[in-house]
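Asks: Please see the structure below; I have some questions.
The values are calculated or read from the model by the stated rules, or taken from the named source; none is laboratory data. Remember, it's a predicted structure, so these values are computed and weren't measured experimentally. Here the Cβ positions follow ideal geometry from the backbone for every residue, glycine too, while neighbour counts run over all protein chains shown. We work out accessible area using only protein heavy atoms, side chains counted, and drop any ligands, DNA or RNA first. Shrake-Rupley method; radii C 1.70, N 1.55, O 1.52, S 1.80 Å.
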Amino acid sequence: MKFNRSSAVRSSTAAVGIAVAATLTLSACSGGGSDSGSGDASSDNSFSGQSVSGEGSTAQQKAVEKFQDVLASNGGIVLNYTGSGSGDGVKKFISGDVDFAGSDSALKTDEAASAKTRCAGNDAWHIPLVAGPVSIAYNLSGVDDLILNPSTLAKIFDSKITTWNDPAIAALNPGKSLPSEKIVPVHRSDSSGTTDNFQRFLGDTAKADWPYAHDKTFKGQGGSAAAKSTGVGDTVKKTPGSVTYVEWGFAEQNKLSLAQLDFGSGATKLDADTAGKALESVQFKTPGSKDLQVDTDKLFATNTAGAWPLLLTTYEIVCSKGYTGNKGAILKSAFTTILNNGQEGLSDAGYVALPDSYKNTLMGTVNALS
């Protein structure tokens, strides 16, 4: 999906399909704002009409749509973003085809080395600008409020549990009439940061049942595959007995049933409050560093009652320095506007508004871009 909207366009009806084009204008605000990340960003037209480009994660597409009206109202910077998947986004960033990558996973060691070369010898930084929960969406007629846990999820997606009335599922759902219908687990067919994070979650929380290393390519056995978030959502909507892992916004768009998960402190329903409660506990791998890689192992291991730790933090991967011209300054201005003015209403699109303490940390990195 490509977003490429001029400042004259204010509609929030950007299409959400593969190869559908729309245009996005991001407002420009002062790049030298306070580290607090709070308050209103003032309009700055010094970059009016200039553009930056990004490519990658489809998980943040709906957040980008939600940002459109907020950012376009200030005018100025045009951001071209193509949702082609995290893997493609990283490749395009490393090759210098785009100014930043949107990725649901941090760069691997070899990718980081290549990115440093692309950034004229400077490190690439991760800015986790968008946070959204991953839902477990299913299509099972007559069964509401299905409860699963990491162990049953791992077995379902590795074809070890194959029917909905399996004793392990029944034990989590006393009193519910579960059919003997075959389970159709649906996973991503493309290189996906969502897949990487989902498999990391299973490895962290169901070690005995998920023997695979996390990767952007799905490693479980069996099941059906579909491309991108839109693909798995559409497949589950059309396929009785199916289940998938998909960003909350795409599940809501398709009006899919959402399973509750027991992370260790009782069944938890996915909503803005439970996702926000988990986000408040986020820790970064290197405290004090401007490179903000989320410690997902600690996040996924959270079993606080009422928290949904199966969260996806999408990184905007940028050069800390090394851009030609004023690209670094334009990115700083655009990201500052998003942090200061782009959080309201995100839960309506399936994301989590960033807590102030989290925004403060991100603003420190954004202000250090040059």
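Asks: In the list Lys359, Lys332, which residue meets the criterion of being closer than 26 Å to Phe201 by Cα, touching a Gly at 6+ places or on another chain (Cβ under 6 Å) and either outside any helix (DSSP H, G or I) or open to solvent by 10 Å² or more (accessible area, probe 1.4 Å) (or both)? Break it down stepwise before answering.
Replies: Working: Lys332 fails: closer than 26 Å to Phe201 by Cα.
From the options Lys359, Lys332, the qualifying one is Lys359.
Asks: OK, next. Identify all residues within region 99-118 that are in contact with a Gly (Cβ under 6 Å, 6 or more places away or on another chain) and either surrounded by 22 or more Cβ atoms within 10 Å (Cβ to Cβ) or part of a strand (DSSP E or B) (or both); write none if there are none.
Replies: If the condition is that a residue be in contact with a Gly (Cβ under 6 Å, 6 or more places away or on another chain) and either surrounded by 22 or more Cβ atoms within 10 Å (Cβ to Cβ) or part of a strand (DSSP E or B) (or both), then Phe100, Ala101, Gly102, Ser103, Asp104, Ser105 are the ones that fit.
Asks: Additional query: Within region 238-246, identify whether any single residue is of a type in the set (Lys, Arg), within 28 Å of Thr163 (Cα to Cα), surrounded by fewer than 22 Cβ atoms within 10 Å (Cβ to Cβ) and out of contact with any strand residue (DSSP E or B) (no Cβ under 9 Å at 6 or more places or on another chain), and answer yes or no.
Replies: Initially, region 238-246 is screened for residues of a type in the set (Lys, Arg), giving 238.
From the residues that got through so far, the ones that are within 28 Å of Thr163 (Cα to Cα) too are 238.
Then drop every residue that is not surrounded by fewer than 22 Cβ atoms within 10 Å (Cβ to Cβ), which leaves 238.
Okay, now just the ones that are also out of contact with any strand residue (DSSP E or B) (no Cβ under 9 Å at 6 or more places or on another chain), so 238.
Yes.
Asks: On to the next question. List pairs: first in region 279-299 and farther than 14 Å from Leu312 by Cα, second among the acidic types (Asp, Glu), Cβ under 6 Å, 6+ apart or cross-chain?
Replies: Lys285/Asp295
Asks: Among (1) assigned to a helix (DSSP H, G or I); (2) modelled with pLDDT of 95 or more; (3) closer than 20 Å to Gln60 by Cα; (4) open to solvent by 10 Å² or more (accessible area, probe 1.4 Å), which single condition is Glu252 missing?
Replies: (2)
Asks: Which numbered condition in (1) within 23 Å of Thr58 (Cβ to Cβ); (2) part of a loop (DSSP other than H, G, I, E, B); (3) open to solvent by less than 10 Å² (accessible area, probe 1.4 Å); (4) among the aliphatic types (A, V, I, L, M) is the only one that Ala131 fails?
Replies: The number of the failed condition is (2).
Asks: A further question on this structure: Applying the selection to region 77-98, what residues are open to solvent by 20 Å² or more (accessible area, probe 1.4 Å) and in contact with a Lys or Arg (Cβ under 6 Å, 6 or more places away or on another chain)?
Replies: Thr82, Ile94, Gly96
Asks: Being at negative phi and open to solvent by less than 50 Å² (accessible area, probe 1.4 Å) is true for just one of Pro179, Pro211. Which residue is that?
Replies: Answer to the check: Pro179.
Asks: Considering only region 182-200, state which residues are open to solvent by less than 10 Å² (accessible area, probe 1.4 Å), out of contact with any strand residue (DSSP E or B) (no Cβ under 8 Å at 6 or more places or on another chain) and in contact (Cβ under 8 Å) with a residue 24 or more places away in the chain.
Replies: Hit for region 182-200 is Ser192, nothing else.
Asks: Please determine whether any residue of region 193-216 is of a type in the set (Asp, Glu), assigned to a loop (DSSP other than H, G, I, E, B) and either closer than 22 Å to Thr313 by Cα or in contact with a Phe, Trp or Tyr (Cβ under 7 Å, 6 or more places away or on another chain) (or both).
Replies: Of region 193-216, the ones of a type in the set (Asp, Glu) are 196, 204, 209, 215.
Within this subset, residues satisfying the condition of being assigned to a loop (DSSP other than H, G, I, E, B) are 209, 215.
Applying the additional criterion that residues be either closer than 22 Å to Thr313 by Cα or in contact with a Phe, Trp or Tyr (Cβ under 7 Å, 6 or more places away or on another chain) (or both) yields 215.
Scanning region 193-216, I find at least one residue that is of a type in the set (Asp, Glu), assigned to a loop (DSSP other than H, G, I, E, B) and either closer than 22 Å to Thr313 by Cα or in contact with a Phe, Trp or Tyr (Cβ under 7 Å, 6 or more places away or on another chain) (or both), so the answer is yes.
Asks: All but one of (1) more than 15 Å from the chain's Cα centre (by Cα); (2) within 26 Å of Gly83 (Cα to Cα); (3) not in a loop (DSSP other than H, G, I, E, B) hold for Ile317; state the number of the condition that does not hold.
Replies: (1)
Asks: Among all residue pairs at least 6 apart or on different chains, which show Cβ distances below 7 Å where the first residue, located in region 202-218, is within 24 Å of Ser265 (Cα to Cα) and without any contact (Cβ under 8 Å) to a residue 60 or more places away in the chain and the second is open to solvent by 20 Å² or more (accessible area, probe 1.4 Å) and among the basic types (Lys, Arg)?
Replies: Asp209/Lys155
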